[in-house]
Amino acid sequence: MKKQIIFFLLVALCLANANLSVLAQSKTEILIRNATILTAAKGTLENSDILIQNGKIARIGKNLNAPANAQIIDASGKFVSPGIIDCHSHSMLDAINEFSFSVTSMTTVKDALNPRDISIYRALAGGVTAGNLLHGSANSIGGLNAVVKFKWGKPVEDFLVSDAPPGIKFALGENPKRTHVQVQPGQTARYPRTRMGVMETIRDAFVRAREYKQSWDDFRAKKTKIQPRTDLELQPLVEILEGKRLVHAHGYRSDEHLNLMMLADEFGFKIATLQHGLEAYKIAPEIAKHGAGVSIFVDSWSYKLEAYDSIPYNAAILWKNGVSVSINSDSDERMRRLNLDAAKVMKYGGVPEEEALKMITLNAARQLGIDKRTGSVEVGKDADLVIWNAHPFSVYSRPEMTLIEGEIFFDRTKDIQRRAELERERQELEKLDVNKPAGGGTTQPRIPSEKRTEDRDEASFQDGGNN
Amino acid sequence: MKIRSFLIALSAFILFSVCAVNAQTRTDVYAITNARIVTVSGAAIERGTVVVRDGLIEAVGADARVPSDARVLDGTGLTVYPGFIDALTNLGLQTPQPRPQIGGQPAQQQQPQSNSNYPTGLQPEVLAFEQLKGGDAQFETIRNAGFTTALTVGRDGVFNGQSAVINLAGSSVSEMVVKTPYAVHFTFRTIPGSYPASLLGTFSAFRQMLLDARRLQEMQKTYAENPRGMKRPDADKSLEALFPVLSGAMPVVFNANTEREIVRALDLAKEFKLNGIIAGGQEAWKLAPRLKEQNVAVLLSLNFPKRTASVSPDADPETLETLRFRAETPKGAARLAQAGVRFAFQSGGLTNINDFFANAAKTTENGLPSDAAIRAMTLGTAQILGVDNRLGSIETGKIANLTVVRGDILGKEKTVTHIFVDGRLFEQKERPRTPATTDGTTPAIANIGGNYSITIEIPGQTLPGTLALIQQGAALSGTMSTEMTGTSPIRDGRISSDGFSFSSTISFGGTQLEITVTGKVTGNQISGTIDSPQGAIPFTGTKNP
């Protein structure tokens, strides 16, 4: 009897181990078969396979052999694209703007990330795998950014792309000058109140940062004895001066973006991206010369005075001038259909298909400094992939599956299967006393609703709102 | 002569009687006999005696001798527990001063000058001890419920200040205080209209202060060694208050309920090697392994979330997350215990303090062993608060804080009969449920009509608003307005002798929320709680002249 029990236990143990190893392998080895692959780097590959090992794209080719334990995904008749990267997002942020000062480089959005924001899952369902989470635009120099992959369900530290270069948000024009915000009696208006003032504020911050850097340099060279103060506001600006931190500068008008690039040249650093850049087409050669990227809305303008002078050919003109262009959403809602925004640049200005796709994938990765690991379907890169039912530039397309580093984070079939289970759980939970309405009665039928306000930058006009 | 001898006899008699009374029952010596004694530090004694003398426990045991000078309380059918401790309250503190309203006259009630380099709200040096007021009466309700001790700290500001462990009786503050300061308390909150104005700024302000404190400490040390040729470092009482925090000698209590707030607190504690403690901790169980690994204790709120809103045809259905949250929260304590995380129960702003034990009982229904639940309001709490050498169990030489109960404190049928605080007996009047009135008529109804400026303490920020209350006898109508939610009418408003209550529907972030508001008015001060599907939110305010 005893022996039998021990034998049984041994068998159980072996089975458990076997199960574990299967799980571990199926997580790291996936073969996507017979897809049309839009690589966003090396053209379109028909009837091809992608082998994923250890979260990376191990092989791309026709009729690849499946390793013994690999999960096979038949993608016949389907399209595979790189995961979409949104170069300007405020998803996951419990706080977006620190309104108190015009320079808030001491803040970082990493402190306010919410890994359970439902917009993450919605983004995955729209094929988005990574985002540039930015501080709001209420500040001439805003807070530090976070480059994340949308690993829904994981702890927040797993979202951060560890080797992404650090970045920061700048803002020009209406939002940082804040003349649209009524000053309450008893309060003083925050400086600056004009575009001149915005530039002065940024210049002043860099002058202070230079002095601060000097004080540390002197200390390190043993010219001074007392260690200088660690200043969380100026430290990131020193990193900008040293070329270690990427500047993502919100702005609409060409004159102010030009002005900022001139200031950067004067202080010896580069602007990584001009965000929005509704008039960027007017200064395309100057942008190309400076080396900045531009991250735009494709065809959204005229929602405020400084946003009047844009055209849908913005992307095409910039591209023809050799400027790296990405298309962003700045919105939880628009983030889910960036593929269609990219399609529009083929119509307006005839940007080639692969170049259009790059504007939501590889170009965004380059602008964020993560193109070595993601942004295109190439061997050695992270397996950040979207399997579409149709060409992603078709209005009939939808993501069937979204993978990040070889792990499936959205699976449309499973999502549909799971709905009944969730509905059952809801019914069980609603029976509990704690969940019963106070005055009796029954819960209303569910109506889906958009809980969050639109995060596009005009939302930052509502101080104290959800932005 | 006759008269004289009579007088002598009389004086002798009086003298004798007085002596005899003294010899029999001194007012500071008690013996509770034949009682069940839950010592917590050791096994329960099914039938024994506890002797209290001069504020301390003199003896405890099945065979403990009853001193001849003790007043004997027959404890047959009673259970003696160590006095219960509420691990986080605002007890004994003055009502916070309302902030100058945006748009109003800013300087009506200025805070006294504090010579701090930091604004009100960012001052870790503020001591609860300094704000406490003495007197027994203010603690009557919570003491009658069975509590003898509490951790208390102000609830305003990003830094709430430094807390104190107090006994819930004493005519002076010096008598009440058991330990001060205990910890610096920190809330992920903002200072409206100033820095930090957002959660982002709250973190950067905290970080910069810790960095500056570290540097100031080093500079002061260097200066003390040799002041010549060095500019004198600042005397900065806010930063100096953080020195013991940086060394880990003083804990930092982070008010954090949601999983992500707790993660943020744990990250900060790790970043600066702080002795962190989580207060609230409604979702702490989700992070049990990490709390255990970082050896962070939890002052766990027993204010469990429940649905307070009634059905409204306009309201969005509740999210699955909300429904799960309410179902899972009472299970949290058992899960923390299972993972070996230290925790103590706190009332968490419960509107009815008697729910404390009812909800503690719910944690046992959800898998927490009863003795662990008792420990989380006695010795376990005392250990976290660093007063377990003097409080938290029934042991010889410890402070005589005792709660005597007819029935089981975690049972449904129970009455707290006697409370000893520092050896002083407070006998419980049986069932003080219905407030007695002097003339036997209906209770007097408070007169509360008027306009009030209120401050609502949403986690992470404070929200100013106004309450316009119109009173007609015991009925209440009017409106509630805030910048964020607009103006909404009051429904089902009622006023009683203890306070008022009403319901309302507010629009918040595009969602309709059903809220229930309860509160009371004292003089021109208003305070209370807003119950929403997301939990209870406190508010305070003043009547506008």
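The values are calculated or read from the model by the stated rules, or taken from the named source; none is laboratory data. In this text, all values refer to a predicted model and were calculated from it rather than measured experimentally. Backbone-built Cβ (ideal geometry, glycine too); neighbour counts: all protein chains shown. Heads up: the accessible areas ignore ligands, DNA and RNA and are worked out on the full protein's heavy atoms, side chains in. Shrake-Rupley method; radii C 1.70, N 1.55, O 1.52, S 1.80 Å.
Please give the solvent-accessible surface of A:Met199 in Å², to the nearest 10, using a probe radius of 1.4 Å with every protein chain present.
That residue has around 30 Å² of solvent-accessible surface.
Quick check: from the Cα gyration tensor, does the range A:255-380 come out rounded (a/c under 1.5), prolate or oblate?
Note, shape of the range A:255-380 comes out oblate.
What dipole magnitude, in Debye to the nearest 20, does the protein assembly as shown give about its Cα centre under +1 on Lys/Arg Cβ and -1 on Asp/Glu Cβ?
Dipole magnitude for the protein assembly as shown comes out near 1400 debye.
Could you report the buried accessible area between B and A, both sides summed, computed with a 1.4 Å probe and given in Å² to the nearest 100?
Buried: approximately 4000 Å² between A and B.
What is the local net charge at A:Gly197, summed over the other residues whose Cβ is closer than 11 Å to its Cβ (Lys, Arg +1; Asp, Glu -1)?
Numbers: positive: A:Lys177, A:Arg178, A:Arg190, A:Arg193, A:Arg195, A:Arg203; negative: A:Glu200, A:Asp204.
For residues surrounding A:Gly197, the net value is +4.
Given a 1.4 angstrom probe, I'd like the percentage of the accessible area of the range B:450-543 that is carbon and sulfur, rounded to a whole number.
Working: 1930 of 3700 Å².
Its accessible area is 52 percent carbon and sulfur atoms.
Give me a comma-separated list of calculated 3J(HN,Hα) values for the range A:401-407, in order, Karplus coefficients 6.51, -1.76, 1.60 applied at θ = phi - 60°, integers in Hz, x for any Gly or Pro.
For the range A:401-407, the Karplus curve yields 7, 10, 10, 10, 6, x, 10 Hz.
My understanding is that a pair violates if its Cα-Cα distance is over 27 Å; which of A:Lys42/A:Lys344; A:Lys56/B:Lys292; A:Lys222/B:Lys270; A:Lys282/A:Lys372; A:Lys62/A:Lys149; A:Lys223/B:Lys237 do that in this structure?
Table pairs above 27 Å Cα-Cα are A:Lys56/B:Lys292; A:Lys222/B:Lys270; A:Lys282/A:Lys372; A:Lys62/A:Lys149; A:Lys223/B:Lys237.
Heavy-atom accessible area per residue, the protein assembly as shown, 1.4 Å probe: how many Å²?
44 Å²
Could you sort B:Trp285, A:Trp388 by accessible area so the largest value comes first, with the probe set to 1.4 Å?
Listed by decreasing accessible area, they come as B:Trp285, A:Trp388.
Check each residue of the range A:148-187 and keep those whose accessible area, probe 1.4 Å, is at least 10 Å² smaller with all protein chains in place than in the chain alone; give them in order of residue number.
Listed by number, the residues meeting the 10 Å² cut-off are A:Val156, A:Glu157, A:Gln184, A:Pro185, A:Gly186, A:Gln187.
Specify which residue in the list B:Val51, B:Ala327, B:Pro192 is farthest towards the positive end of the charge dipole of chain B, using unit charges on the beta carbon of Lys, Arg (+1) and Asp, Glu (-1), about the Cα centre.
Value computed over the given set: B:Val51.
With no solvent and one point on each alpha carbon, what is the Debye value of log10 I(q)/I(0) for chain A at q = 0.06, 0.10, 0.12 Å⁻¹?
Log10 I(q)/I(0), no solvent term: -0.32, -0.80, -1.06.
Please report the net charge: other residues with Cβ closer than 12 Å to the Cβ of B:Ile530, K and R +1, D and E -1.
Counting the neighbours of B:Ile530, the net charge comes to -3.
Under unit Cβ charges (Lys, Arg +1; Asp, Glu -1), what dipole magnitude, rounded to 20 debye, does the range B:450-543 have relative to its Cα centre?
220 debye
Which of the helices in chain A meet the span-like rule: DSSP H, Cα axial reach of 18 Å or more, Kyte-Doolittle mean at least 0.0?
Numbers: long enough: A:2-28 (39 Å, 1.02); A:195-220 (38 Å, -0.98); A:254-267 (20 Å, -0.12); A:412-431 (29 Å, -2.25).
Going by DSSP H runs, the hits are A:2-28.
Working from the pairwise distances between different alpha carbons, so that the mean of 1/r is found and then inverted, what is the range B:450-543's Kirkwood radius in Å?
Result for the range B:450-543, one decimal place: 13.1 Å.
What list of ³J(HN,Hα) values in whole Hz, one per residue of the range B:288-300 in order, does the Karplus curve 6.51 cos²θ - 1.76 cosθ + 1.60 (θ = phi - 60°) give from phi, with Gly and Pro shown as x?
3, x, 5, 4, 5, 4, 7, 6, 9, 8, 10, 8, 7
For the charge dipole of the protein assembly as shown, defined by +1 on Lys and Arg C-beta atoms and -1 on Asp and Glu C-beta atoms about the Cα centroid, which residue among A:Leu340, B:Ala360, B:Gly121 has the Cα displaced farthest towards the positive pole?
So the residue furthest toward the plus end is B:Ala360.
Work out which helices of chain B, taken as complete DSSP H runs, extend at least 20 Å along their axis over the Cα atoms and score a mean Kyte-Doolittle of -1.0 or more, then list them.
Going by DSSP H runs, the hits are B:2-24, B:199-225.
Taking only DSSP H segments of four or more residues, each worth -39500 (n - 2.57), what value at 222 nm results for chain B once the sum is divided by all its residues, to the nearest 500 deg cm²/dmol?
-7000 deg cm²/dmol
Given Cβ point charges of +1 (Lys, Arg) and -1 (Asp, Glu) and nothing else, what value in debye, to the nearest 20, does the dipole of chain A about its Cα centre take?
880 debye
Show the residues, 5+ positions off or on another chain, whose built amide H is closer than 5 Å to the amide H of B:Asn160.
HN-HN under 5 Å from B:Asn160: B:His185, B:Phe186, B:Thr187.
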